[in-house]
1. Give me the percent of Cα-Cα pairs in region 5-66 that sit more than 19 Å apart, rounded to a whole number.
2. Let's see if you can work this out: charge +1 on each Lys and Arg Cβ, -1 on each Asp and Glu Cβ, no other charges. What is the dipole magnitude of the chain about its Cα centre, in debye to the nearest 20?
3. Using the Karplus curve 6.51 cos²θ - 1.76 cosθ + 1.60 with θ = phi - 60°, what ³J(HN,Hα) values do you get for each residue of region 28-40, in whole Hz, with x for Gly and Pro?
4. Tell me what the chain gives for mean residue ellipticity at 222 nm when only DSSP H runs of n ≥ 4 count, each as -39,500 (n - 2.57), the sum divided by the residue total, rounded to 500 deg cm²/dmol.
Amino acid sequence: MDINLRNAVIHNVSGNSQSQLRDTIVDAIQRGEEKLLPGLGVLFEVIWQNADNQEQNMMLETLEQGLK
């Protein structure tokens with residue numbers, strides 16, 4: 001079976017409110033299950049693609065600080 005992970009993740013959260021999206025993200029992080037990481041990656045990809053250069057730089061700074 002050929003499953004497009006990006007499309008599946010986006011389909012599952014499309015139309016969700018900010019609260020629902022937060023709950024999805026927090027739940028995935030708290031569970032700590034490896035199988036949820038690709039879904040978080042897809043959500044990050046959506047954020048990155050919809051961010052302007054300033055927002056991307058802020059994300060990179062936050063990421064850099066978090067990895068120190």
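No lab work stands behind these numbers, since they all come straight from the coordinates. Since this is a predicted model, take the numbers as computed values, not measurements. Here the Cβ positions follow ideal geometry from the backbone for every residue, glycine too, while neighbour counts run over all protein chains shown.
1. 37 percent
2. So the magnitude is around 140 debye.
3. In residue order, the calculated couplings are 4, 5, 5, 5, x, 7, 4, 5, 8, 4, x, x, 5 Hz.
4. Numbers: 4 runs with 50 residues, N = 68.
Helices in the chain give a 222 nm mean residue ellipticity of -23000 deg cm²/dmol.
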